[in-house]
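Step one of this worksheet: look at the structure below.
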Amino acid sequence: SLASTAITCFTRGLDLRKETEDVLCPANCPLWQFYVFGDGVYASLSSVCGAAIHRGVITNAGGAVRVQTLPGQENYPAVNANGIQSQMLARWASSFSVTRIKNTALESVGRSVSTARPSTGKRPKKLLDKKAGNKDCKADIAFLIDGSYNIGQRRFNLQKNFVGKVAVMLGIGTEGPHVGVVQASEHPKIEFYLKNFTAAKEVLFAIKELGFRGGNSNTGKALKHTAQKFFSLENGARKGIPKIIVVFLDGWPSDDIEEAGIVAREFGVNVFIVSVAKPTTEELGMVQDIGFVDKAVCRNNGFFSYQMPTWFGTTKYVKPLVQKLCSHEQMLCSKTCYNSVNIGFLIDGSSSIGDSNFRLVLEFISNVAKAFEISDIGSKIAAVQFTYDQRTEFSFTDYTTKEKVLSAIRNIRYMSGGTATGDAISFTTRNVFGPVKDGANKNFLVVLTDGQSYDDVRGPAAAAQKAGITVFSVGVAWAPLDDLKDMASEPRESHTFFTREFTGLEQMVPDIIRGICKDFLDTKQ
């Protein structure tokens with residue numbers, strides 16, 4: 001009986017074809033990724049190798065297992081054994097059991113390490129990990145499935161199976177990936193949101209229950225709807241986690257998909273297209289836009305498009321797709337101006353400003369900062385106050401939440417003194433931007449002043465720009481226009497702002513935010 005089929009950590013009972021099958025489990029499967037339902041008799045939804053370890057047939061060193069198909073049953077129990085917590089399941093259509101394969105060379109391999117059971121001290125932790133999911137895969141994913149007449153009921157079911165396998169392999173959990181499903185047909189329908197389920201078992205059930213809608217494949221309409229509505233915080237999207245839409249397309253879309261792709265990119269969403277059954281040469285005449293894939297994906301670099309010849313035998317396509325979806329650093333569309341900038345504020349604290357106007361300056365800074373997604377992996381804010389002297393109020397790494405940044409801004413105390421703007425720019429370039437100059441975020445400096453500087457501003461501003469910092473100058477009251485223009489980045493007109501009164505700062509907020517976003521996009525192209 002050496003003819004054992006090698007299987008993966010994720011192969012489920014229902015993936016095996018024969019009544020009785022001898023399989024070979026690999027070594028070192030991550031225990032927290034196993035989904036096992038029952039004890040002794042396992043629902044066919046369970047991982048075969050997971051069930052075998054749970055049963056004590058093999059250890060995590062892998063080995064040979066005989067799998068016997070059994071009828072379905074009700075009330076599969078939850079039992080903790082050998083480091084794996086199996087889960088309850090009310091009912092399932094089929095089951096299997098696992099036993100050792102007797103007297104084979106393979107068995108001795110499995111046996112010799114059977115002492116390497118996880119120590120009992122470890123068990124509770126595995127339980128928590130299971131709930132937490134795969135922490136290394138940070139993603140909020142919408143599966144946009146094809147529910148059109150193109151695909152038909154039968155292939156729709158195969159599509160559901162595939163999506164279910166992908167969902168399980170992702171390692172869904174409270175701290176791992178979260179997923180939701182939208183069905184594209186005539187009109188898009190959000191079937192469930194990210195916040196609805198945080199366990200793979202629940203997601204699998206929800207997918208299994210999905211009904212086929214039928215209609216035209218208005219994928220463009222569905223993609224746009226998903227990009228705009230699906231990823232709100234109240235629907236469960238998480239700050240700083242890449243937003244991904246995986247579009248499944250059988251054939252081609254009936255509508256235009258290009259505009260939807262643009263909208264998704266504006267919203268910071270990474271679009272993948274999984275196309276199945278590409279249009280044949282005869283069918284190409286019916287396709288509105290042959291380049292539909294390239295126009296909808298996040299970047300036309302080959303990474304975001306994925307092809308499967310048919311819906312049959314798709315198991316081998318699961319893992320490569322999951323690896324793509326978990327490649328955090330490849331999610332080029334996650335970076336928007338709101339979550340990928342460092343903004344330093346350089347605040348004039350000279351005595352001509354006075355207490356009440358200084359409050360207005362702080363309010364202006366708060367209102368600009370508020371627009372950005374501040375987090376340890378998102379945008380960051382820093383502030384320096386200057387007179388003849390400089391004082392770093394807080395640096396980019398001090399506060400990583402919007403609430404803390406806003407409260408730090410409120411707590412800035414007015415210094416009162418002279419005005420040495422040039423020195424202050426040099427100080428900020430060196431001490432505040434220096435430590436982050438190799439980071440991924442784009443750097444911006446907003447200089448606020450109400451008067452003539454006692455020193456040269458042109459040299460220090462040029463040095464700041466040379467160091468990759470885009471400078472906006474905001475002048476109030478007696479600030480000379482020449483100084484403001486000398487400090488500002490090119491084109492100077494759009495980087496220089498002036499208001500006679502401190503109360504005029506408020507109207508400038510949207511323009512500064514727009515300016516930062518425009519510069520961000522211009523450098524990204």
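The values are calculated or read from the model by the stated rules, or taken from the named source; none is laboratory data. Since this is a predicted model, take the numbers as computed values, not measurements. Cβ sites come from the backbone with ideal geometry, for glycine too, and all protein chains shown count toward neighbours. When the accessible area is computed, the model is the full protein with side chains, heavy atoms only, and any ligands, DNA or RNA have been set aside. Shrake-Rupley method; radii C 1.70, N 1.55, O 1.52, S 1.80 Å.
For the range 140-330, report the accessible area per residue in Å² (1.4 Å probe, heavy atoms, rounded to an integer).
On the way: 7770 Å² over 191 residues.
About 41 Å² of surface per residue is accessible.
With the dipole of the range 140-330 worked out from charges on the C-beta (+1 for Lys and Arg, -1 for Asp and Glu) around the Cα centre, which of Leu210, Met169, Tyr317 lies farthest toward the positive end?
Sorting the options by dipole projection puts first Met169.
Sequence gap at least 6, Cα distance under 8 Å: using those rules, report the relative contact order of the range 140-330 to the nearest whole percent.
Values: 372 pairs, mean separation 44.5, N = 191.
With pairs under 8 Å counted, the relative contact order is 23 percent.
Please state the charge dipole magnitude for the range 341-522, taken about the Cα centre, from unit charges on C-beta atoms (+1 on K and R, -1 on D and E), reported in debye and rounded to the nearest 20. Display every interim value, and only then the final one.
Working: 18 positive and 24 negative charges, 79 e Å.
Using only the charged Cβ atoms, the result is roughly 380 debye.
Is the shape of the range 5-100 rounded, prolate or oblate, going by the alpha carbon gyration tensor and its root eigenvalues a ≥ b ≥ c, with a/c under 1.5 for rounded and a/b larger than b/c for prolate? Each step should come with its number before you reach the end.
Numbers: a/c = 1.80, a/b = 1.16, b/c = 1.55.
It is oblate, given that a/c is not under 1.5 and a/b is not larger than b/c.
Roughly how many Å² is the accessible area per residue of the range 341-522, as a whole number, for a 1.4 Å probe? If you can, show how the numbers build up before the last one.
Working: 7910 Å² over 182 residues.
So the range 341-522 comes to 43 Å² accessible per residue, rounded to a whole number.
Dipole of the chain, Cα-centred, from +1 at each Lys and Arg C-beta and -1 at each Asp and Glu C-beta, to the nearest 20 debye? Intermediate values should be presented prior to the final figure.
Numbers: 60 positive and 52 negative charges, 553 e Å.
In total the dipole reaches around 2660 debye.
Roughly how big is the range 220-346's charge dipole about its Cα centre, with Cβ charges of +1 (Lys, Arg) and -1 (Asp, Glu), in debye to the nearest 20? List each step's numbers first, then the result.
Working: 14 positive and 12 negative charges, 137 e Å.
Roughly 660 debye, rounded to the nearest 20.
Between Ala90 and Asn411, what is 0.36 nm times their sequence separation minus the Cα-Cα distance? Round to one decimal in nm.
Values: separation 321, 0.36 × 321 = 115.56 nm, distance 5.63 nm.
Here the answer is 109.9 nm.
From the protein chains alone at 1.4 Å, what is the descending order of accessible area for Asp140, Asp355, largest first? Don't skip to the end; give the middle numbers.
Details: Asp140 0, Asp355 105 Å².
My answer, sorted largest first, is Asp355, Asp140.
Over the range 341-522, what relative contact order in percent results from Cα pairs under 8 Å that are six or more residues apart?
Once normalised by length, the contact order is 23 percent.
Which value, in Å² and to the nearest 10, is the accessible area of Arg514 when all protein chains are kept and the probe is 1.4 Å?
Roughly 150 Å² of Arg514 is accessible to a 1.4 Å probe.
Counting C-alpha atoms alone, how compact is the chain: give Rg to one decimal and Dmax as a whole number, in angstrom.
29.2, 93
For Asn75, what is the net charge nearby, where nearby means another residue's Cβ is under 13 Å from its Cβ and Lys, Arg count +1, Asp, Glu -1?
Values: positive: Arg91; negative: Asp39, Glu74.
Neighbour charge sum, excluding Asn75 itself: -1.
Summarise the accessible area of the range 5-100 (1.4 Å probe, protein heavy atoms) by the percent that is carbon and sulfur.
Values: 1940 of 3720 Å².
Solvent-exposed carbon and sulfur of the range 5-100 make up 52 percent of the total.
R0 = 45 Å: FRET efficiency of Glu493 with Glu258, Cβ-based, nearest 0.05? Please report the intermediate quantities before stating the final value.
Numbers: r = 33 Å, r/R0 = 0.73.
FRET efficiency, Glu493 to Glu258: 0.85.
Which FRET efficiency value, to the nearest 0.05, do you get for Glu74 and His328 by plugging their Cβ-Cβ distance into 1/(1 + (r/R0)^6) with R0 = 35 Å?
Numbers: r = 41 Å, r/R0 = 1.17.
Once the sixth-power term is evaluated, E becomes 0.30.
With contacts defined as alpha carbon pairs under 8 Å and 6 or more residues apart, what's the relative contact order of the chain in percent? Can you show the working numbers first?
Details: 1130 pairs, mean separation 44.6, N = 525.
In percent, rounded to a whole number, it is 8.
Please work out the C-alpha center-to-center distance from the range 461-508 to the range 13-54 and express it in whole Å.
Centre-to-centre distance over Cα atoms comes out at 65 Å.
So the label point goes 7 Å from the Cα of Leu521 along Cα→C-beta, right? Which residues of the range 298-313 then have their backbone N under 18 Å from it?
The answer is 298-300, whose backbone nitrogens lie closer than 18 Å to the label point.
Carbon and sulfur: what percent of the range 341-522's accessible surface (1.4 Å probe)? It would help to have the intermediate numbers written out before the result.
Details: 3920 of 7910 Å².
Summing carbon and sulfur atoms, their accessible area is 50 percent of the total for the range 341-522.
Putting +1 on Lys and Arg Cβ atoms and -1 on Asp and Glu Cβ atoms, find which of Phe386, Asn28, Gly133 reaches farthest to the positive end of the dipole of the chain.
Among Phe386, Asn28, Gly133, the one farthest towards the positive end of the dipole of the chain is Asn28.
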